[in-house]
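Engineer: My questions all concern the structure below.
The values are calculated or read from the model by the stated rules, or taken from the named source; none is laboratory data. Not measured: the values here are computed from a predicted model. We place every Cβ from the backbone using ideal geometry, glycine too, and count neighbours over all the protein chains shown. To get the accessible areas, we keep the full protein, side chains included, count just its heavy atoms, and leave off ligands, DNA and RNA. Shrake-Rupley method; radii C 1.70, N 1.55, O 1.52, S 1.80 Å.
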Amino acid sequence: MATSNVDRSLRLVLFLVALVVLFVALSTLDLRCTFGTAKTCYELGLAERRHNRPQRAAVLLRAACRRGHPTGCTEAGRAYMSGTFSPEDQAKAASLLQKGCNMGDGDGCYLLADMRRANLSTNSDPALVSDLLNHATESYRAACSGGDAKNCAALGLMFIRGEVKGGNAA
């Protein structure tokens, strides 16, 4: 009888330890974001997205955005635009892309301009689209001048598509 009580107690202790370990493992990402930098939240959000955990990715990318990470805003907006996190939410996507654009992320400006351009026949102002494309061009150009190949490629595509007026790519 005493052995079975010890076995039961030992199993209970092991079960509780396993629960604590599981809780710590699951909350570590959130803690690293909570106590880390905006970049940490962004990188964790991308990792969660790669591991096909869209809800956790959404939380982390929105946290990165709230903490001032421009690309975090853009990536969260892109996911809302495509329905990756939840059913498509164009208003939320536009809001997040606008934040990314305002913080200097060229992709945010470009995606927002693209979204507005797609709605030109209904409710978008062509001057707003033009302004967003100009902002995207400036952001891409600045990053390209700093040696960022991805942004140089994006700027080049804008030139090829005729979305950039005059001047040269860099």
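Engineer: When G77 is evaluated against the numbered criteria (1) out of contact with any helix residue (DSSP H, G or I) (no Cβ under 6 Å at 6 or more places or on another chain); (2) within 24 Å of T34 (Cα to Cα); (3) part of a helix (DSSP H, G or I), which criterion, by number, is the only one it fails?
Structural biologist: Evaluating G77 over (1) out of contact with any helix residue (DSSP H, G or I) (no Cβ under 6 Å at 6 or more places or on another chain); (2) within 24 Å of T34 (Cα to Cα); (3) part of a helix (DSSP H, G or I) leaves (1) as the failure.
Engineer: For the range 48-62, which residues satisfy the criterion of being open to solvent by less than 40 Å² (accessible area, probe 1.4 Å) and within 17 Å of L97 (Cβ to Cβ)?
Structural biologist: A57, A58, L61
Engineer: Sticking with this one: Right, R141: open to solvent by 20 Å² or more (accessible area, probe 1.4 Å) and closer than 25 Å to D30 by Cα or not?
Structural biologist: No: the conditions fail for R141.
Engineer: I need a count of the residues in the range 61-109 that are more than 17 Å from L44 (Cα to Cα) and basic (K, R).
Structural biologist: 2
Engineer: For the range 63-80, name all the residues that are open to solvent by 60 Å² or more (accessible area, probe 1.4 Å) and within 10 Å of the chain's Cα centre (by Cα).
Structural biologist: The one that is open to solvent by 60 Å² or more (accessible area, probe 1.4 Å) and within 10 Å of the chain's Cα centre (by Cα): R78.
Engineer: Sticking with this one: Tell me which residues, restricted to the range 81-111, are under 25 Å from C152 (Cα atoms) and either open to solvent by 30 Å² or more (accessible area, probe 1.4 Å) or of a type in the set (S, T, Y) (or both).
Structural biologist: M81, S82, Q98, K99, N102, M103, G104, Y110
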